[in-house]
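Report on one structure; see the data block that follows.
Where a number appears in this text, it was derived from the coordinates with a stated rule and is not lab data. Everything quoted here is computed from the prediction, not taken from an experiment. A quick note on method: Cβ atoms are made from the backbone with ideal geometry, for glycine too, and the neighbour counts reach across all protein chains shown.
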Amino acid sequence: MKKIFAGILILLVVGFFLASFFKSFRLEFHTGPCLGDSASQSKLGVREVEWLNNKNLRIKAYANINCGARITNADYQLAGDTILLKYSWKYSVFDIHGTQMVAYCFCAQELNYLLKNLEKKNYKFKLVEHEERPLLTVIKERINKWLLGE
């Protein structure tokens, strides 16, 4: 029984890495400037959507983040006719003792997504801040869902 469980766990881990690897070919992401002026708050959310051809979609959005933070990861998820544009961030300013410091300002961080090999149709968009979780936590959650039949 332990060997079967270990085999299933290995297959799940390999499957997770392969899915992440192939998905990286479908998403290009980069950030632009972090706009700190008062007018920048009106830019929050998805601002530009452009089909480059029948398969590639470029999206520019703005997220409200702390000035002492940086975007660490981005992803997307299709949910019916809605595309969830995900991003995560972490503080990048530390004091001399290594303690994270929070800046007393926020800015509108430019987020640029290029989704490749996507079916061309009219989508709705939602910008979502998501939590980065350790890989073992993700694997454990997926195994629990599988065991519970969800």
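When the chain is fully extended, how far beyond the present Cα-Cα distance does SER88 get from GLN41, taking 0.36 nm per residue of separation? Before the final figure, lay out the partial values.
Details: separation 47, 0.36 × 47 = 16.92 nm, distance 1.87 nm.
Going from the current span to full extension adds 15.0 nm.
Using Cβ counts within 10 Å as a stand-in for footprinting exposure, how do CYS67, CYS34 rank, fewest first?
Numbers: CYS67 15, CYS34 20.
Ascending number of Cβ neighbours within 10 Å: CYS67, CYS34.
Please list the non-local residues whose amide H lies under 5 Å from the amide H of LYS90, H modeled 1.01 Å from N, same-chain partners needing a gap of 5 or more.
ARG70, THR72
List the residues whose amide H sits under 5 Å from the amide H of ARG47, counting only those 5 or more places along or on another chain, with H placed 1.01 Å from N in the peptide plane.
LYS60, ALA61, TYR62
Using the count of nearby Cβ atoms within 10 Å as a rough guide to exposure, how do LEU148, LEU115 rank from fewest to most? Each step should come with its number before you reach the end.
Working: LEU148 7, LEU115 20.
Ranking LEU148, LEU115 by Cβ neighbours within 10 Å, fewest first, gives LEU148, LEU115.
Quick one: 3J(HN,Hα) in Hz for region 42-50, Karplus 6.51/-1.76/1.60 with θ = phi - 60°, rounded, Gly and Pro as x.
6, 8, 4, x, 7, 10, 9, 9, 9
Tabulate in residue order the Karplus-calculated ³J(HN,Hα) for region 106-113, using 6.51 cos²θ - 1.76 cosθ + 1.60 with θ = phi - 60°, rounded to whole Hz; enter x for Gly and Pro.
For region 106-113, the Karplus curve yields 10, 9, 8, 7, 6, 10, 10, 10 Hz.
Using the Karplus curve 6.51 cos²θ - 1.76 cosθ + 1.60 with θ = phi - 60°, work out ³J(HN,Hα) for each residue of region 119-125 in order, rounded to whole Hz, and write x for Gly and Pro.
Working through the residues one at a time gives 5, 7, 7, 7, 10, 9, 10 Hz.
Given labels modelled 7 Å from the Cα in the Cβ direction, how far is it in nm from TRP146 to CYS67?
Here the modelled spin labels are 4.7 nm apart.
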